[in-house]
Amino acid sequence: MPGADRRVFMKKAFWGTLSATYWGGAAGRLISPVPARPKRILRNGMVYRRLGRTGLEISEVSLGGSPLPDWGVLMQAVERGVNYIDTSHSYQNGNSERAVGRLFKQFGRDKLYVHTRFHLRGSWNEQSIIRSVEGSLRRLATDYVDILGIHGASDPAQLTDERVLSAFEKLRREGKYRFRGLTCHANQLEVIPAAVECGLFDMVTMAYNVFDIQDTEAEIETYDDYLGASGIRRLISLAHSKDIGVVAMKTLKVGGRRQNLTKFTTGDTTVFQAMLKWVLANPQVSAAIVEMLTFSQLEEDLAVIGQTLSPSERHTLYRFVAEKGRNYCHMCSACRTQCPAGLPIPDILRFLAYSEGYHKTLYAKTAYAGLKDSEKAPACRDCGKCESACPYRVSVRTQIKRAHALLG
């Protein structure tokens, strides 16, 4: 199927499924009205937003735990009102969770909310999930986590797998978590609607940033039908319609974390601040998680609290997307389904982004080395089907080759 026709097909198939989720049966009865705008509370210089039906009021700028900053920066972030931390047993060999445990001891367990997660990798089963969670609780030095989630759910079947549900239920009966969540790094168009439809999850963490722009300015040319292909905003609206909380990750992904991008500065607003403002302008997003690794980054990010995106800042962001967008992978997995070699293309491009965008080169090299030889760039047949399938016209083959050169 030609690339353009396939993009149309993808959109029709997706929105047909989405409509079925919104509307019930042949009568077309609306199942769930969109709830009112999430409550925003200004308290001591921080804005807090309600995390869907969990009822938790979390800081609109929150901390990602891969990695957490040094202790001094971490302490100041909490003192400045950051009260939500996203972590995992795999982050920093468990040291991310240990640092959160120290924060609980320093500030009190009721002052912070933590979302930690388990992986579904290798020969996992119900017992391995439970062991993973119990290990997280020991490192966190707490009896429970506020949100327990699946890390990197990429297949809708994972969400209702009997082993996953049984582990969740046993851990719930033992009081080891309050709410269920998940993160989704790839295949969001299938995973997020499935999470909403099954009704088993209270919140989702998904990639969302300015490269998901929906509208454009006439004099700024991005690429065709940008959000029409990605559908990210409507995924957020779908979750919001069922009062499922949405936390945005990868908010500052493209362009490299804190690189010198002064040409995209608007007045005193850096491009990273404008990107955060853009995410938080969506009232259906409860929080944006970022990595504040230094005091200057902390000041930069917290300066946007309660601020709005100006027209001039939005205009600059459109220029930024127009220049950088062709190298941004949305992890939709359309390329992977068409690759005759079966390469895990979204994973390869994610590892490349970790190295180039987040400066996590060692982590990226380790992750790439963990792939089988048949899953690495040399197995690419250079057929171009990946690029024909990509709704965003990303230069996939070039990036796969660059990933191997840098990480192989």
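Read-outs: derived from the displayed coordinates by stated rules, not from any lab. All figures in this text were calculated on a predicted structure; none of them were measured in a lab. Glycine gets a Cβ as well: all are built from the backbone with ideal geometry, and neighbour counts include every protein chain shown.
General remarks:
- Candidate lysines - alpha carbon under 30 Å from Lys263, same-chain residues fewer than 8 apart omitted: Lys250, Lys253, Lys277, Lys324, Lys360, Lys401
- Remark: region 170-178, residue by residue, has Karplus-estimated 3J(HN,Hα) of 4, 5, 5, 4, 8, x, 8, 7, 9 Hz, where x stands for each Gly or Pro and the curve is 6.51 cos²θ - 1.76 cosθ + 1.60 at θ = phi - 60°.
- Separation in nanometres of the label points that stand 7 Å from Cα toward Cβ, at Thr337 and His404: 2.6
- The length gained by stretching the chain between Phe104 and Met75 to full extension, at 0.36 nm per residue less their Cα-Cα distance, is 9.3 nm.
- For Met292, the residues whose amide H sits under 5 Å from its own are Gly64, ignoring neighbours fewer than 5 places away on the same chain, with H placed 1.01 Å from N.
- Label point distance in nm, Glu299-Arg121, each placed 7 Å from Cα along Cα→Cβ: 3.7
- Interchain or long-range residues, amide H under 5 Å from Tyr177's placed H: Val145
- Counting only residues at least eight positions apart within a chain, or on another chain, the aspartates and glutamates with an alpha carbon under 18 Å from that of Lys365 are Asp347, Glu356, Asp373, Glu375.
- Integer Hz, Karplus 6.51/-1.76/1.60 couplings in order for region 370-379, x for Gly and Pro: x, 6, 5, 4, 6, 9, 9, 3, x, 7
- D (Stokes-Einstein, µm²/s), Kirkwood Cα radius, region 286-408, 0.692 mPa s at 37 °C: 200
- Measuring between their Cα centroids, region 91-122 and region 326-378 lie 27 Å from each other.
- Per-residue Cβ neighbour rank within 10 angstrom, fewest leading, Lys111, Lys170: Lys111, Lys170
- Förster radius 35 Å - calculated FRET efficiency between Glu162 and Gln92, Cβ distance, rounded to 0.05: 0.65
- Projecting label points 7 angstrom from Cα along Cα→Cβ for Asp143 and Lys365 puts them 4.6 nm apart.
- Counting only Cα atoms, the size of region 36-324 along its three principal axes is 56, 41, 36 Å, in decreasing order.
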